[in-house]
Amino acid sequence: MPRTAPRICPLCEATCGLTLTIEGTTVTGARGDRDDVFSRGFICPKGAAFGAVDGDPDRLRTPLVRRDGRLQEATWEEAFETIAAAIPALVREHGGQSVGVVLGNPNTHTMAGALYPPVLLKALGTRNLFTASTLDQMPKHVSSGLLFGDPFAIPVPDLDRTDFLLLLGANPVESNGSLCTAPDFPGRLKALRARGGTLVVVDPRRTRTARLADRHLAPHPGSDALLLAALAHTLLDEKLAAPGTLAEQTEGLGELAAALESFTPEAVAPACDLKAAEIRVLARELAAAPTAAVYGRIGSCTVEYGTLASWLVDVLNILTGNLDRPGGALFPLSATDRAPRPPGPGKGFALGRWRSRVSGHPEAKSELPIAALAEEIETPGEGRIRALIAIAANPVLSAPDGRRLDTALAGLDFMVSVDPYLNETSRHAHVVLPPPPPSQSAHFDFAFNAFAIRNQARYSPPAIPLEEGRMDECEIHARLILAVSGLHGAPPGAVDDRLIADTLARAVEDSHSPLFGGDPQERDRLLAGGTGPERRLDLMLRLGPYDLTLDDLRNAPHGIDLGPLRPRLPGVLRTRSGRIELLPEPIAAELPRLRAALAERPAALVLVGRRHLRSNNSWLHNVPALTGGSNRCTLQVHPEDAGRLGLADGGRARITADGGSLEVPVEVTDAVRRGVVSLPHGWGHDRDGSRLSVASAEPGANVNQLLDGTRLDPLSGTAVLNGFPVELAPLP
Ligand SMILES: Nc1nc2c(c(=O)[nH]1)N[C@H]1C(S)=C(S)[C@@H](COP(=O)(O)OP(=O)(O)OC[C@H]3O[C@@H](n4cnc5c(=O)[nH]c(N)nc54)[C@H](O)[C@@H]3O)O[C@H]1N2
Ligand SMILES: Nc1nc2c(c(=O)[nH]1)N[C@H]1C(S)=C(S)[C@@H](COP(=O)(O)OP(=O)(O)OC[C@H]3O[C@@H](n4cnc5c(=O)[nH]c(N)nc54)[C@H](O)[C@@H]3O)O[C@H]1N2
Ligand code: SF4
Ligand SMILES: [Mo]
């Protein structure tokens, strides 16, 4: 008899509640959970394919260990013994820096990825940390760090209540949203318009999101910072700025007008390829809306002025008085956030506390640019990365210049991959540790609840018991930490016990903590859950703002609603001044670079990316239900550009940029603007030694091979993945 079980979907940031149908130990179906307090039954084609993703026959079932140069099946004991024999010795001889750590996107979709990597980094004592953030949202962390003193204090648009949404460089109808967790984002955009609100989309492509909008502006890629600066300039110049009570909490308001002086609509119009008049109209509409939110994502982050654009998004939210008010952009308060404490000055946020060894890139949020990983492995000298631990990461496809990284990874002394697939990256490992499929893992959204448009908490226990021979991903991480620390063989629960004891010891001493004053051992005995990670989740909930426990979540399988977002200023601020720092020094120092862009002539042809509804970065191309149809790796070219260059729809072209050239199929479409071509990322599954039988049959081309890793947003170290110049030529 089939049974059902709830499971939060881990396939994108929307975190929809699913109802899985299970026969024996197989997921045979998935539908939206109508009772889920947040997603209310919404599901997309990826969630509907949960069973196929979960049951992909190419998923690894056992660890792999390299013997005689070949990866072969091994026991867990052998796998961890191999790690224990390699890493501690390297650290002893060459120091912790000799081990690099790469963390990929799915870490934000697993409990293990939230709970253990910080412990691993501490155990190794390495500063060589590289993550998908420097291919993604690092500019937003940096701007929030500078403005609010906390890189995780990222305001999210109040989608369900706003009157006006200005959305830049995001296509939530296909991506389902990012840094704005909102199940059924498309439905919420339609509802915004249905209640009389306005949606303006800024994107060089006429996306499915742009098609829902009242207005679509298609500027030249990479020019968002200029456009946003001109909007802010207009608000100040036309005396439309109305920060309201935010003014008292903000430093630097008075200096802003001078800092943005050059960025008049007329001055930015040529570089943006927009009309000055339409920029002025937009600024006036933004100011006139009863409530409004400005929101920027990938297309405003992974660009040349990503940090400035991210900063300007919140400058506009502040100037219009919309930051921290219902209908504007608010700070969520998740169930595992620290319980609020009295406002006051904090430690602030510093950039560039250390630099990368080879190119001297400044750290941001304790990370180095992933675009610089290959050179840190290849370049000889003290501090070279000799071993790598990659967890849920496929940088050979997701980061610039995969061919160079391929060669670098092949030259490592030792590499571990925690990954369910043998793919472009993990094929270089000496040990591959495969996590179980998501149906066999418990789930809680540590990351995305902190970016959700409604406060809520949901927990999914494993829908299916762990299969014989499998190891829970939390246990894999804990054992990995023990193995690299020279403690191989100790019980994995020791890692959690130690953390719980430390946290409790601090909490009982902290007068602002909900657990202040008790006896740590007694508190420890209260923690529910059979496993270390469950006990840690329980502790975080008890230390959180809502007086919740894990048992509360267990007793509410469809989640607990914690209400709409509420104003949180000044409590969220951790700046040294205890106020919003509107014009921080690193930003002011970047503005001359943006000013210089006013005079630059845009390249004749630049490339931008795109996402398909049935994709997820590099790792869902192996699921037949999610491939084919329009989900193909084609180069979209505007008809006029195609005509000028002699390209035909369905033909092939050679595309060339800094990092190399690719042969790609051409799709002629006016969905991209003139002077812009679009190629999706995550393709290029044509490398030997991987086990991706479906994906390798239709490999596609790796767009990141067009980059050489030198184009970065300087403050955040984020790779410029959008708006870089390319050349195109037809192929016979
Ligand atoms: N040109 C271009 N490049 C881009 C982007 C772009 O827009 N344009 N987008 C960038 C962005 S936003 C991101 S986030 C990065 C993503 O970059 P990465 O994180 O490097 O890549 P992913 O494809 O998300 O997958 C990472 C790996 O996680 C594995 N995995 C899947 N599920 C699990 C699990 O439960 N546990 C573990 N341990 N592993 C798992 C997959 O098999 C895969 O090997 O790509 C970036 N690259
Ligand atoms: N289906 C699907 N969903 C996903 C993913 C996936 O791969 N597939 N990946 C997930 C991940 S890791 C992330 S980070 C999120 C990302 O979520 P989104 O930010 O919504 O990502 P994209 O769909 O890439 O949208 C970026 C848009 O920016 C536009 N753009 C490019 N350059 C510029 C520019 O200079 N200015 C402006 N204004 N726009 C520009 C592109 O045309 C594109 O439409 O999606 C997540 N969800
Ligand atoms: S929108 Fe995202 S979370 Fe929801 S079902 Fe689709 S992939 Fe899963
Ligand atoms: Mo991402």
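The values are calculated or read from the model by the stated rules, or taken from the named source; none is laboratory data. Every value quoted in this text rests on a predicted model; they were computed, and no experiment measured them. Virtual Cβ from ideal backbone geometry, glycine too; neighbours counted across all protein chains shown.
Being in a loop (DSSP other than H, G, I, E, B), under 25 Å from the mean Cα position of the chain (by Cα) and not polar (S, T, N, Q) is the filter here, so list the residues in region 285-324 that pass it.
Correct list: Ala292, Arg297, Val303, Glu304, Tyr305, Asp324.
List, please: which pairs have Cβ atoms under 7 Å, are six or more places apart or on different chains, and start with a residue in region 47-59 that is assigned to a loop (DSSP other than H, G, I, E, B) and end with one that is within 13 Å of ligand 3 (Cβ to nearest atom)?
Listed pairs, sorted by first residue: Ala49/Val623; Ala49/Ala625; Ala49/Leu626; Asp56/Val623.
Could you figure out which of (1) out of contact with any Asp or Glu (no Cβ under 6 Å at 6 or more places or on another chain); (2) within 24 Å of Leu613 (Cβ to Cβ); (3) buried (at least 20 other Cβ atoms within 10 Å of the Cβ) isn't true of Val668?
Every condition holds for Val668 apart from (1).
So Ser615 passes all but one of these: (1) farther than 30 Å from Gly327 by Cα; (2) away from ligand 4 (no atom under 16 Å from the Cβ). Which condition number does it fail?
All conditions pass for Ser615, except number (2).
Here are some conditions: (1) within 16 Å of Asn722 (Cα to Cα); (2) touching a Leu at 6+ places or on another chain (Cβ under 8 Å). Arg205 meets all but one. Which one does it not meet?
Result: Arg205 fails condition (2) only.
In this structure, is Gly41 free of Cβ contacts under 8 Å to residues at least 40 places away in the same chain and on the phi > 0 side of the Ramachandran plot?
It is true that Gly41 is free of Cβ contacts under 8 Å to residues at least 40 places away in the same chain and on the phi > 0 side of the Ramachandran plot.
Which of the following residues is in contact with a Phe, Trp or Tyr (Cβ under 8 Å, 6 or more places away or on another chain), within 23 Å of Ala429 (Cβ to Cβ), surrounded by fewer than 23 Cβ atoms within 10 Å (Cβ to Cβ) and of a type in the set (S, T, N, Q): Thr82, Thr108, Thr75, Thr126?
Thr108
List every residue pair whose Cβ atoms lie under 7 Å apart, where the two residues are 6 or more positions apart in sequence or sit on different chains, the first residue falls within region 1-15 and is within 15 Å of ligand 4 (Cβ to nearest atom), and the second residue, located anywhere, is in a strand (DSSP E or B).
Cβ pairs passing all conditions: Pro10/His443; Glu13/Thr181; Ala14/Thr181; Thr15/Ile8; Thr15/Thr181.
Taking Arg161, is it away from ligand 2 (no atom under 16 Å from the Cβ), surrounded by fewer than 22 Cβ atoms within 10 Å (Cβ to Cβ) and in a loop (DSSP other than H, G, I, E, B)?
Yes; evaluated as a whole, the condition is true for this residue.
Against the condition at pLDDT 95 or above and away from ligand 1 (no atom under 13 Å from the Cβ), how does Gly104 come out, does it pass?
Here the answer is no, as Gly104 does not meet what is asked.
Where residues in region 392-438 are among the hydroxyl-bearing types (Ser, Thr, Tyr) and surrounded by fewer than 24 Cβ atoms within 10 Å (Cβ to Cβ), which of them is nearest to ligand 1 (Cβ to nearest atom)?
Among them, the one singled out is Tyr421.
Could you run through region 499-516 and say how many residues are in contact with a Lys or Arg (Cβ under 6 Å, 6 or more places away or on another chain), assigned to a helix (DSSP H, G or I) and not aliphatic (A, V, I, L, M)?
0
Can you give me the number of residues within region 394-421 that are within 21 Å of Ala86 (Cα to Cα) and outside any helix (DSSP H, G or I)?
Within region 394-421, residues that are within 21 Å of Ala86 (Cα to Cα) and outside any helix (DSSP H, G or I) number 9.
Can you tell me which of (1) within 16 Å of ligand 1 (Cβ to nearest atom); (2) without any contact (Cβ under 8 Å) to a residue 12 or more places away in the chain is the one Val281 doesn't meet?
Just one mismatch for Val281, condition (1).
Condition check: within 16 Å of ligand 3 (Cβ to nearest atom) and hydroxyl-bearing (Ser, Thr, Tyr). Does Thr627 satisfy that?
So Thr627 passes the test.
Can you say whether Val268 is surrounded by 20 or more Cβ atoms within 10 Å (Cβ to Cβ), outside any helix (DSSP H, G or I), among the β-branched types (Val, Ile, Thr) and modelled with pLDDT of 95 or more, as far as the supplied structure shows?
Considered against the rule, which asks whether it is surrounded by 20 or more Cβ atoms within 10 Å (Cβ to Cβ), outside any helix (DSSP H, G or I), among the β-branched types (Val, Ile, Thr) and modelled with pLDDT of 95 or more, Val268 comes out as no.
Here is a yes/no grid of residues against (1) surrounded by fewer than 21 Cβ atoms within 10 Å (Cβ to Cβ); (2) out of contact with any Phe, Trp or Tyr (no Cβ under 7 Å at 6 or more places or on another chain); (3) hydroxyl-bearing (Ser, Thr, Tyr); (4) not in a helix (DSSP H, G or I):
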residue: Pro567; (1), (2), (3), (4): yes, yes, no, yes
residue: Ala588; (1), (2), (3), (4): yes, yes, no, no
residue: Ala599; (1), (2), (3), (4): yes, yes, no, yes
residue: Pro602; (1), (2), (3), (4): yes, yes, no, yes
residue: Leu613; (1), (2), (3), (4): yes, yes, no, yes
residue: Asn616; (1), (2), (3), (4): no, yes, no, yes
residue: Leu647; (1), (2), (3), (4): no, yes, no, yes
residue: Ala653; (1), (2), (3), (4): no, yes, no, yes
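Considering region 187-236 alone, what residues qualify as being closer than 25 Å to Asp160 by Cα, among the basic types (Lys, Arg) and under 24 Å from the mean Cα position of the chain (by Cα)?
Within region 187-236, Arg188, Arg206, Arg208 meet the criteria.
What tally of residues in region 359-391 results from selecting those that are within 19 Å of Gly659 (Cα to Cα), in a loop (DSSP other than H, G, I, E, B) and free of Cβ contacts under 8 Å to residues at least 40 places away in the same chain?
2
If you go through region 226-259, how many residues are under 18 Å from Arg593 (Cα atoms) and either without any contact (Cβ under 8 Å) to a residue 40 or more places away in the chain or touching a Ser or Thr at 6+ places or on another chain (Cβ under 7 Å) (or both)?
The qualifying residues number 4.
Could you pull out the residue among Thr110, Thr62 that is on the phi < 0 side of the Ramachandran plot, more than 27 Å from the chain's Cα centre (by Cα) and within 16 Å of ligand 1 (Cβ to nearest atom)?
Residue meeting the stated conditions: Thr62.
Tell me the residue from Asp203, Asp237 that is more than 30 Å from Arg579 (Cβ to Cβ) and more than 16 Å from ligand 4 (Cβ to nearest atom), please.
Going through Asp203, Asp237 in turn, just one is more than 30 Å from Arg579 (Cβ to Cβ) and more than 16 Å from ligand 4 (Cβ to nearest atom): Asp203.
Tally up the residues in region 35-76 that are under 17 Å from Phe414 (Cα atoms) and within 16 Å of ligand 4 (Cβ to nearest atom), please.
The qualifying residues number 0.
If I filter region 97-121 down to residues being within 22 Å of Pro438 (Cα to Cα) and not in a helix (DSSP H, G or I), which single residue comes out as nearest to ligand 2 (Cβ to nearest atom)?
Filtering first and then ranking leaves Gly104.
Is it the case that Glu475 is surrounded by fewer than 19 Cβ atoms within 10 Å (Cβ to Cβ) and within 16 Å of ligand 1 (Cβ to nearest atom)?
No, not satisfied.
Hey, any hits in region 112-123 for a residue that's touching a Gly at 6+ places or on another chain (Cβ under 8 Å) and crowded, with 23+ Cβ neighbours inside 10 Å?
no
If the requirement is being closer than 18 Å to Ala182 by Cα, within 16 Å of ligand 3 (Cβ to nearest atom) and of a type in the set (A, V, I, L, M), which of these qualifies: Ala14, Ala5, Ala30?
Sole residue among the options that is closer than 18 Å to Ala182 by Cα, within 16 Å of ligand 3 (Cβ to nearest atom) and of a type in the set (A, V, I, L, M): Ala14.
Could you say whether any residue in region 705-725 is part of a helix (DSSP H, G or I) and either surrounded by 20 or more Cβ atoms within 10 Å (Cβ to Cβ) or aromatic (Phe, Trp, Tyr) (or both)?
Looking through region 705-725, at least one residue is part of a helix (DSSP H, G or I) and either surrounded by 20 or more Cβ atoms within 10 Å (Cβ to Cβ) or aromatic (Phe, Trp, Tyr) (or both).
Can you name the condition, by its number, that Leu199 falls short on among (1) part of a helix (DSSP H, G or I); (2) of a type outside the set (Gly, Ala, Ser); (3) free of Cβ contacts under 8 Å to residues at least 40 places away in the same chain?
Every condition holds for Leu199 apart from (1).
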